[in-house]
Each structure stands twice: as structure tokens, then as C-alpha cells.
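I have a structure here, written as C-alpha cells, and I will follow up with some questions on it.
The values are calculated or read from the model by the stated rules, or taken from the named source; none is laboratory data. Values in this document were obtained by computation on a predicted structure and should not be read as measured data. Using ideal geometry, Cβ is built from the backbone for each residue, glycine included, and neighbour counts are taken over all protein chains shown.
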Amino acid sequence: MSYEIQATVREAQGTGASRRLRREGQTPAVLYGDDQKGTAIAVDHKTVYYALAKEDFHTALINLSVGGKEHKVIVRDFQFHPVRQEVQHIDFQIVDESKPLKLRVPLHIVNAEKSQAVKLQSGRVSLLSTTVEVIVDPKNIPAALELNCEKVVAGDILHLSDVSYPEGVSSVALKRNSNLAVATVTGKKR
């Protein structure tokens, strides 16, 4: 899915200026990358709030328009208010589409209900990590990685090497020869 966000450059900075901005329905943000100093911007709160609720927004290439200039960006960080449902701040990083990108991609369990552990052994598959850090071509960022659990049995431990990676996507930990556990399978062994 393609996302487009309109932003304006903000002159006033600091706590008071950010509070005024939030009262006006805007969210303070920073745009950085592309060998330039960070630029203070403001984006519409409602647009960003509802977009952050979608999982694929966190790994999508976003078209960010700042003062008529288009940038391809990804979300690097964001903060929510501890009590109110309000985005306090968001960081966007400009992406160079010719260079590989390092980011965290969500991990999803698939076919667990078909496994022997779940069907016959009253078990379940539990994720130890909900995301995987990968190196990927910015044009082919997957929305999520899949961990196929169709053949698991109770007591199995699934590792990064068991995750199916699309073409052009590789795990940072596996490149460092660190095959970390990402899921466990519980249940009664027969």
C-alpha cells in the first residue's frame, strides 16, 4: 500500500511550540537523512495516528511532501502520549533507493493450526520476537516475514533460519552467524 503525507516546515521549536502545535491538530516531526541536517516539520495528527495503527505503515516507503518537495521516507521512531491516544512525535528518514536499508520487519506465524503440536498435542506456537532486523532493497520491503509452523511438534524451538525470506531480504543476525530463537512450541509430548 502506498502512503502520502503532507508536511510543513516549522520554525518555532521547543516544548511550548510543540504543545501549541498539538493543540492545533498537528504533530511535531523530524525529517533527516540524505546527508543533511535534521529538518523540523509538522504533520497532520489524524493522518499519522490512523496510519500508525496499520502494521504495513511501519515498513512502507512513504511519499512525504514538504513545501512542494517530495521525499521517499520510512518511519524510524515515534512516541505516544502515556495516557491520551495522541502521537507526541515522529521521526522520518529519507531513503536512498539505490542503497540497501536496515530495518525491523514484523514476523507472522502461519499454518500453526495445521501442525501436530496444535491439533494433537494441545499446544501452541509462541513468538519470542515479533520483529526481525533485516537488510533489504528499499524497492522490495516486505510487509511481514512468515514463519511456517505446519510441521512443528511440541518442544520444538524455531530459529531465524526457519523464517522464509523473500528474494533480496536477509537477516542481520544470520549474517553475523547468530541463529537466534524466534518461537517456541508448547504442548504434551506423546
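If you take the residues of region 95-142 that are over 16 Å from R76 (Cβ atoms), basic (K, R) and in contact (Cβ under 8 Å) with a residue 40 or more places away in the chain, which of them is surrounded by the most Cβ atoms within 10 Å (Cβ to Cβ)?
That would be R124.
Could you please let me know if V132 is part of a strand (DSSP E or B) and out of contact with any Gly (no Cβ under 9 Å at 6 or more places or on another chain)?
So V132 fits the description; yes.
Next question, about the same structure. What is the one condition in (1) of a type outside the set (G, A, S); (2) in contact with a His (Cβ under 7 Å, 6 or more places away or on another chain); (3) under 27 Å from N140 (Cβ atoms) that P28 does not satisfy?
It fails just one condition, (3).
Does Y50 count as surrounded by fewer than 19 Cβ atoms within 10 Å (Cβ to Cβ), aromatic (F, W, Y) and assigned to a strand (DSSP E or B)?
no
In addition: Do we have D96 as at pLDDT below 90 and acidic (D, E) here?
It is false that D96 is at pLDDT below 90 and acidic (D, E).
Can you work out which of the residues in region 144-162 that are over 17 Å from the mean Cα position of the chain (by Cα) and part of a loop (DSSP other than H, G, I, E, B) is surrounded by the most Cβ atoms within 10 Å (Cβ to Cβ)?
Going through the qualifying residues, I end up with V152.
Any residue at all in region 119-126 that is part of a helix (DSSP H, G or I) and at negative phi?
Yes, region 119-126 contains a residue that is part of a helix (DSSP H, G or I) and at negative phi.
Take F92 and decide whether it is free of Cβ contacts under 8 Å to residues at least 12 places away in the same chain and touching a strand residue (DSSP E or B) at 6+ places or on another chain (Cβ under 8 Å).
No, not satisfied.
Please pick out the residue among K54, K37 that is at pLDDT below 95, within 23 Å of the chain's Cα centre (by Cα) and not hydrophobic (A, V, I, L, M, F, W, C).
Going through K54, K37 in turn, just one is at pLDDT below 95, within 23 Å of the chain's Cα centre (by Cα) and not hydrophobic (A, V, I, L, M, F, W, C): K54.
Let me ask something additional. Considering every residue within region 47-62, establish whether at least one is under 26 Å from A143 (Cα atoms), free of Cβ contacts under 8 Å to residues at least 40 places away in the same chain and of a type in the set (V, I, T).
no
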